[in-house]
Amino acid sequence: MRKILMITLVLMAILVFPSFQSKFHGTQPAKAKYVFLLIGDGMGINQVYLANEYQKQIGGQELSILSLPHFGLMTTSTVDPGVITDSGAGGTAIACGEKTKSGVIGMDSSKTRNLVSVAEVMQNKKYPIGIITSVGINHATPASFFGHRAHRGMYDDLVKDMTASGFEYFAGGGVITNNKLNPDSARKVLINDIVTSGYTLVANQNQKALIKNAAKVFVCDTSVYGTSDALYNVMDPKKAQFTLSEMLQMGIDKLFNKNGFFFMLEGGKIDWSSHSNDAMAMIHEVIDFDNAIKVALDFYKKYPNETLIIITADHETGGLGWGYRETKYYNYSYKLAQQKLSVDALIDSLKTKDAQESKVFVKNYTGIELPEEVLSKGDYAYSAAFAVDAINKMAGIGWTTGSHTGTPVGVYAIGAGAEKFAKRIDNTDIKPFILQSLAK
Ligand SMILES: [Zn+2]
């Protein structure tokens with residue numbers, strides 16, 4: 001009799017109280033503790049799908065980004081109608097949930113009021129924070145999560161914001177300085193400021209062991225100095241000390257705890273190679289970014305009910321299109337593989353070569369025969385760009401601009417709260433949607 005009474009009571013509770021019902025059946029929406037926000041700078045939908053098509057054509061692995069179950073489309077506009085966003089306003093809208101003017105970092109459009117980033121909100125809730133990028137740590141996208149400056153070019157001041165943030169883990173391709181006269185010694189001063197403010201510098205593989213006992217960490221391959229304060233282009237032979245995925249794995253190992261964490265990771269050179277209209281370099285950067293996505297997905301598999309992964313872009317770069325008038329209905333992405341150096345590395349190599357040497361070099365590294373009228377200009381940057389442009393056209397790929405575009409970008413998500421992102425959203429929605437997904 002008591003058994004029947006118990007069953008009746010439970011059944012009544014299920015019928016009367018819907019919350020009891022969802023708890024009883026375990027269908028209460030899961031809440032996130034571990035949040036990964038991965039931003040492919042300039043990574044429009046075409047950048048993702050073209051990289052995937054290339055992989056298919058050469059018999060490579062399909063991209064993991066396309067395995068995420070939730071997909072949305074995000075607008076990237078600035079506060080000013082008609083103005084296509086830069087990474088300052090784009091990063092700020094994503095990080096802080098408010099639109100601002102192009103070039104502004106973490107401030108409102110009047111440049112008088114500091115905005116609060118999702119990383120800062122989560123830091124107040126005692127989540128440790130990690131900020132990772134393949135370009136300079138004080139570049140616009142990462143800076144949008146810790147910086148508050150009227151202009152993205154205030155690099156030295158953004159280092160002050162970085163150290164003042166107190167975020168536990170930073171990893172980047174370099175530190176950018178405003179000192180153009182003596183950048184090498186100015187960078188040393190900036191690094192020293194970061195170290196004296198309490199960060200342990202990890203500059204190479206041998207120093208990885210320092211991470212374990214460090215209070216706060218700055219992973220930065222100091223050997224990339226004198227280049228562009230960024231990791232080298234993935235497709236080029238020069239390799240930095242750490243890859244983007246290694247920097248994420250090291251960060252996870254450092255920040256992991258039972259209460260959660262937040263990571264923002266940027267693939268910054270997807271944008272740079274798209275600015276150069278260099279499809280082969282761009283595809284290598286997307287694949288490298290996808291390798292970092294795999295690291296986050298491996299973590300998700302261990303903690304599926306407590307992890308949220310969101311992958312998006314701040315804007316599209318280059319106006320990349322599938323299709324070129326001469327290749328009509330065909331795409332031959334596999335032909336890009338004949339390009340063995342990025343356009344940046346080609347330019348670097350051609351600097352010291354005369355016309356005849358350039359002709360041989362370009363033929364060897366791109367398969368393209370430079371015509372006499374190109375060689376006779378004596379312009380090595382033009383020669384390199386000509387060869388890369390020719391390969392892109394052969395592959396059936398078109399670019400409309402060397403700047404950013406206003407095309408909406410994809411949002412790819414998995415985990416606790418991921419379904420919120422699977423619709424038409426705006427860049428200002430990312431911050432509130434993450435906060436609504438949190439366990440605390
Ligand atoms: Zn850009």
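The values are calculated or read from the model by the stated rules, or taken from the named source; none is laboratory data. On a predicted model such as this, the values are computed, not experimentally measured, just so you know. Because the Cβ atoms are built from the backbone with ideal geometry, glycine has one as well, and the counts that use them run over all protein chains shown.
General observations
- Filtering the stretch 259-284 to residues that are under 16 Å from the mean Cα position of the chain (by Cα), of a type outside the set (A, V, I, L, M, F, W, C) and closer than 19 Å to Pro128 by Cβ leaves only Glu266.
- The residue that is surrounded by the most Cβ atoms within 10 Å (Cβ to Cβ), counting only those in the stretch 51-89 that are closer than 26 Å to Leu297 by Cα and either at pLDDT below 95 or within 16 Å of the ligand (Cβ to nearest atom) (or both), is Ser87.
Each row is one residue, and each column tells you yes or no for (1) within 16 Å of the ligand (Cβ to nearest atom); (2) within 22 Å of the chain's Cα centre (by Cα).
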residue	(1), (2)
Val286	yes, yes
Asn291	no, yes
Ala296	no, yes
Thr317	yes, yes
Tyr334	no, no
Gln338	no, no
Asp344	yes, yes
Glu357	no, no
Phe361	no, no
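- Count of the stretch 269-284 residues which are within 10 Å of the ligand (Cβ to nearest atom) and of a type in the set (A, V, I, L, M, F, W, C): 2
- The sole residue among Tyr330, Tyr324, Tyr334, Tyr300 that is farther than 23 Å from Ala119 by Cα and part of a helix (DSSP H, G or I) is Tyr334.
- Here is the figure for the stretch 337-385: residues that are outside any helix (DSSP H, G or I) and touching a residue at least 12 places away in the same chain (Cβ under 8 Å) total 11.
- With a requirement of 2 or more residues that are among the small types (Gly, Ala, Ser), the strands (runs of 3 or more DSSP E) lying completely within the stretch 146-261 that satisfy it span 169-172.
- Scoring Gly103 on the criteria (1) at positive phi; (2) free of Cβ contacts under 8 Å to residues at least 12 places away in the same chain leaves a single failure, condition (2).
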